[in-house]
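Every number in this text was worked out from the coordinates using simple rules, so none of it is lab data. What you see is a predicted model; the values in this text were computed from it and never measured. Positions of Cβ are generated from backbone atoms using ideal geometry, with glycine treated the same way; all protein chains shown enter the neighbour counts.
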Amino acid sequence: MVDVVTEIIINCPIEKVSSYASDPENAPTWYVNIHSAEWKTPKPLKVGSKIAFKAKFLGRELAYVYEIVGVIPEKELAMKTANGPFPMETIYTWSSLDHNQTRMILRNKGNPEGFSKIITPFISKMMKKANMKDLQKLKYILENPS
């Protein structure tokens, strides 16, 4: 099983961090490996919403659909996919440290199947590194609006 947890402190109010990070259309801006996000169900984001993503990870092109399984505004967003060689659950949690500081935790967990199963330790390490880059990019974007 892969279970990767990364976190960062962002110097912005929780409402700004959570609304930006939970908008699927922003994912290609702050996720290094995600190239596109396409709504498969009508907006707004809610339990049952589906979003198709295209990404590249470990040199492989990936296409997958996440379904939103939990939404608590300014607290948590949970999504999962059951298709593809690597069923995955992604959970964002936010907590306010003060009026202008937010802790964001990004957690990915899943059970690789087939060939991916034998390289799970490598996948976990690479995923943690990629997730940290993503959170650092999100922090930069939110703290340095153009």
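Taking a straight Cα-Cα cut-off under 16 Å and skipping sequence neighbours fewer than 8 places away in the same chain, the lysines within cross-link reach of K109 are K80, K117, K125, K128, K129.
Over 20 Å, how big is the tail of the calculated P(r) for the chain, in percent of all Cα pairs? For the chain, the fraction of Cα-Cα distances above 20 Å is 46 percent. In the neighborhood of S49, defined by Cβ-to-Cβ distances under 11 Å, what is the net charge if each Lys or Arg adds +1 and each Asp or Glu adds -1? Spelling it out: positives minus negatives among the neighbours equals +3.
Quick check for me: using +1 on Lys/Arg Cβ and -1 on Asp/Glu Cβ, what's the dipole size of the chain about its Cα centre, in debye to the nearest 20?
Using Cβ point charges on Lys, Arg, Asp and Glu, the chain gives about 380 debye.
Applying 1/(1 + (r/R0)^6) with R0 = 41 Å to the Cβ-Cβ distance of N111 and S146 gives a FRET efficiency near 0.55.
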